[in-house]
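See structure below.
The values are calculated or read from the model by the stated rules, or taken from the named source; none is laboratory data. What you see is a predicted model, and the numbers here were worked out from it, not measured in a lab. Every residue, glycine among them, receives a Cβ derived from its backbone with ideal geometry; neighbour counts consider all protein chains shown.
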Amino acid sequence: MAYDKFNIIIDSAVPMPVENVDTDQIIPARFLKATERKGFGDNLFRDWRYDSENKLIENFPLNDPKYNGKILVGGKNFGSGSSREHAVWAVYDYGFRVVVSSFFADIFKNNCLNIGVLPVTVSESFSLEIFEAIKKNPTTKLEINLPNQTITLLETGKSEAFQINSYKKENLLNGFDDVDYLLNMKEEIIAFSK
Amino acid sequence: MNTIFDKIWDAHIVRKIQVGPDVLFIDQHLIHEVTSPVAFLNMKQRGNKVLFPDRTIATPDHNVPTIHQDQPIQDVESRMQVEKLRENCKIHNIELHDLGSAHHGIVHVIGPELGITQPGKTIVCGDSHTSTHGAFGAVAFGIGTSEVEMVLSTQCIMQTKPKTMRITVNGSLKPYVTAKDLILYIISKVSTSGGTGYFVEFSGQAVKELSMEGRMTVCNMSIEMGARGGLIAPDETTFSYLKDKERTPKGENWHQALMEWKNLPSDENAVFDKEYVFDATDIEPMITFGTNPGMGIKINEVIPTEDNPSFIKSLKYMGVVSGAPIEGIPVDFVFIGSCTNGRIEDLRAVAEFVKGKKKNDKVTTWIVPGSKEVEKMAHEEGLVAILEQAGFELRQPGCSACLAMNDDKIPNGKLSVSTSNRNFEGRQGPGAKTMLASPITAISAAINGYITDPRTLEK
Ligand code: SF4
């Protein structure tokens with residue numbers, strides 16, 4: 001469904017330097033009971049944010065007031081596991097528009113692109129540089145430039161290009177989604193099915 | 001010179017977008033209560049109808065209780081989701097296999113049982129373990145809710161074609177080494193991200209020798225190595241499983257279908273983007289010790305050492321120590337079930353194994369059939385009687401403790417040996433620790449009360 005158009009985002013980032021973050025951590029199964037897309041942001045990383053007595057775990061990055069911004073920087077193999085789009089809804093509804101990682105799980109990445117979250121794949125060394133920069137200065141800014149397909153650490157000017165197919169890029173820039181595209185080719189689909 | 005994957009995928013492309021995804025036609029769509037409601041809601045908002053209602057079937061499985069299924073669901077939210085599914089199926093004329101009906105069950109168990117899962121088809125479901133259906137030589141994979149909406153309203157999705165990988169397992173599996181051990185072994189070698197971007201074909205003698213149930217177990221977990229899906233070329237095993245199933249073609253149409261299916265296997269000189277070759281005789285009963293399915297070892301090995309922080313965090317969560325043996329670790333819960341190992345063959349193997357043995361009182365064991373049909377067969381074949389004699393009981397069908405959305409939750413801090421497919425932190429309940437294994441290895445733990453190599457119990 002409709003989401004905010006994407007263009008250039010300049011913001012600070014929240015670091016999550018853990019590998020193999022799976023979708024069960026991003027949104028635990030017990031929060032998948034909704035029949036509407038509402039309130040998922042509150043339960044993003046629920047069991048890493050709160051302990052078993054529901055107390056805030058203070059040093060978890062999302063709870064740490066020094067980290068802010070629309071950009072989430074994750075470790076390698078981010079989003080593995082279940083196909084639940086709820087995981088990406090949680091990421092979006094919490095307020096993130098970009099997830100950066102050196103490696104994404106397939107379905108997660110696909111789900112991101114379908115709802116207007118930009119997955120940015122960077123080299124492993126650049127990912128380490130970003131973590132390092134945030135560690136030194138939590139308010140350090142990143143620029144995510146979709147039209148140019150670049151991600152830049154503004155403090156150092158260090159930049160890297162990222163890949164995205166041109167169809168998906170157009171969609172994000174315009175806030176379109178695949179359903180719109182497919183509905184326009186309904187006749188062709190019906191003919192194909194015969 | 002095509003792979004089976006290429007043949008099926010290419011035959012379903014409605015339109016190719018330059019520097020973009022393919023518009024792929026989906027033959028069969030499966031839905032359940034958790035990932036479909038928002039798709040229906042979005043459709044309603046856009047004013048769309050289901051384009052081909054007879055290409056979708058539905059069943060409530062993720063959320064449902066596994067006892068007292070004849071009574072209303074206690075948990076309000078779960079009940080609402082199941083009711084929403086009923087309502088949506090009614091509005092849109094979608095075939096529903098509801099709780100208690102003859103073909104109710106886990107969506108990936110009932111598809112094959114009904115004969116809906118067939119070679120050459122494209123099959124999707126808002127559930128990553130849709131890869132299970134690949135066992136029949138179908139291109140089957142999990143999708144997100146946005147895509148569920150696409151399939152409902154247009155019977156198509158838009159995806160870039162994955163690369164192809166072949167995993168060949170030569171030789172035969174040793175006694176007490178099962179399909180589950182085979183796939184846990186492969187994932188431990190390839191890693192949980194090693195298959196990312198690929199669609200995997202499993203082949204070789206050990207794979208050929210597997211039953212359909214075993215093949216489903218293998219393809220089911222192909223997603224756990226990050227692959228988009230996994231498949232196995234159809235052969236006589238496939239055809240004899242499908243023959244006379246409710247929804248398979250009959251008479252002349254059956255022969256026609258057979259002819260088509262026999263053309264599907266990868267051409268002899270087909271080229272794969274990546275290949276792995278393993279030797280079946282190197283595989284032993286496997287078990288996981290960490291918090292992703294790639295962290296598996298042979299049951300008689302010690303827990304490995306790595307100085308990577310994510311690895312250390314994982315061991316800490318599990319409460320296990322590098323260098324220590326995994327055998328002998330006390331177990332609190334055993335779960336036998338799920339779309340990985342909740343089929344009739346799994347229950348047969350378990351029943352055969354527990355004959356003359358007794359359940360350990362300290363271990364809570366849930367044995368959950370994958371479907372109503374499995375439940376019925378287990379009764380008819382006398383498996384339930386054998387299980388009961390050993391102190392075990394059979395629950396009612398559903399996903400159950402595989403993802404613990406219903407009441408079947410492993411309590412905080414408790415250790416479970418599970419035949420399901422994911423050992424992520426909290427997967428079976430907040431704070432629960434999960435070790436993945438085959439049904440025989442799991443039931444061995446339920447008998448001894450600690451992690452046990454099934455081969456030592458049999459002697
Ligand atoms: S049994 Fe587990 S893996 Fe299979 S469909 Fe249900 S929740 Fe998913």
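Among the residues in segment A:91-99, are any more than 22 Å from residue B:20 (Cα to Cα) and without any contact (Cβ under 8 Å) to a residue 24 or more places away in the chain? No, because not a single residue in segment A:91-99 is more than 22 Å from residue B:20 (Cα to Cα) and without any contact (Cβ under 8 Å) to a residue 24 or more places away in the chain. The selection criterion, being in the same structural domain as residue B:313 (by TED's automatic domain parsing), more than 15 Å from the ligand (Cβ to nearest atom) and among the charged types (D, E, K, R), holds for residue B:414.
Please state which one of A:190, A:144 is on the phi < 0 side of the Ramachandran plot and either more than 9 Å from chain B (Cβ to nearest Cβ) or at pLDDT below 95 (or both). Show your work before the answer.
On the way: A:190 fails: either more than 9 Å from chain B (Cβ to nearest Cβ) or at pLDDT below 95 (or both).
From the options A:190, A:144, the qualifying one is A:144.
Residue B:400 falls short of the stated requirement of being away from the ligand (no atom under 16 Å from the Cβ) and hydroxyl-bearing (Ser, Thr, Tyr). Where helices (runs of 4 or more DSSP H) fall wholly inside segment B:295-369, the ranges with 1 or more residues that are at pLDDT 95 or above and surrounded by fewer than 23 Cβ atoms within 10 Å (Cβ to Cβ) are B:309-318, B:344-354.
There is no residue in segment A:94-115 that is among the acidic types (Asp, Glu) and surrounded by fewer than 24 Cβ atoms within 10 Å (Cβ to Cβ). Selection of segment B:21-50 for residues being over 28 Å from the mean Cα position of the chain (by Cα), surrounded by 19 or more Cβ atoms within 10 Å (Cβ to Cβ) and not polar (S, T, N, Q) yields only B:43.
Of all residues in segment B:196-220, those satisfying the criterion of being of a type in the set (S, T, N, Q) and away from the ligand (no atom under 16 Å from the Cβ) are B:196, B:203, B:205, B:211. Against the conditions (1) assigned to a loop (DSSP other than H, G, I, E, B); (2) more than 16 Å from the ligand (Cβ to nearest atom); (3) touching a residue at least 12 places away in the same chain (Cβ under 8 Å), residue B:54 satisfies every one except (1). For residue B:117, the stated conditions do not hold, so it cannot be described as at the interface with chain A (Cβ under 10 Å from one of its Cβ atoms), touching a Gly at 6+ places or on another chain (Cβ under 6 Å) and either in a loop (DSSP other than H, G, I, E, B) or within 16 Å of the ligand (Cβ to nearest atom) (or both). Just a yes or no: is a residue in segment B:223-237 more than 30 Å from residue A:21 (Cα to Cα) and aliphatic (A, V, I, L, M)? Yes: one or more hits. Of the residues B:174, B:189, B:161, the single one that is assigned to a loop (DSSP other than H, G, I, E, B), over 22 Å from residue B:233 (Cα atoms) and at pLDDT 95 or above is B:174. Checked against (1) away from every other protein chain (no Cβ under 14 Å); (2) surrounded by fewer than 23 Cβ atoms within 10 Å (Cβ to Cβ); (3) more than 14 Å from the ligand (Cβ to nearest atom), residue B:445 passes all but a single condition, namely (2).
Looking only at segment B:120-138, which residues are of a type in the set (Ser, Thr, Tyr) and more than 11 Å from the chain's Cα centre (by Cα)? Full working, then the answer.
Kept after step one, since they are of a type in the set (Ser, Thr, Tyr), are these residues of segment B:120-138: B:122, B:128, B:130-132.
Within segment B:120-138, just B:122 meets the criteria.
When the criteria are applied in full, residue B:125 fails the requirement of being away from the ligand (no atom under 16 Å from the Cβ) and within 28 Å of residue B:245 (Cα to Cα).
For residue A:9, the conditions (1) more than 10 Å from chain B (Cβ to nearest Cβ); (2) touching a Phe, Trp or Tyr at 6+ places or on another chain (Cβ under 6 Å) all hold with the exception of (2).
Would you please name the residue that is farthest from the ligand (Cβ to nearest atom), looking only at residues in segment B:103-114 that are within 17 Å of residue B:27 (Cα to Cα) and among the aliphatic types (A, V, I, L, M)? Across segment B:103-114, the extreme among qualifying residues is B:114. The set of residues in segment A:31-57 that are part of a loop (DSSP other than H, G, I, E, B) and acidic (Asp, Glu) comprises A:36, A:51, A:53.
Among the residues of segment B:222-248, which ones are assigned to a loop (DSSP other than H, G, I, E, B) and surrounded by 17 or more Cβ atoms within 10 Å (Cβ to Cβ)? Break it down into steps so the answer makes sense when it comes.
Quick first cut of segment B:222-248, residues assigned to a loop (DSSP other than H, G, I, E, B) only: B:226-228, B:232-235, B:243-248.
Answer for segment B:222-248, where residues must be assigned to a loop (DSSP other than H, G, I, E, B) and surrounded by 17 or more Cβ atoms within 10 Å (Cβ to Cβ): B:226, B:227, B:228, B:232, B:233, B:234, B:248.
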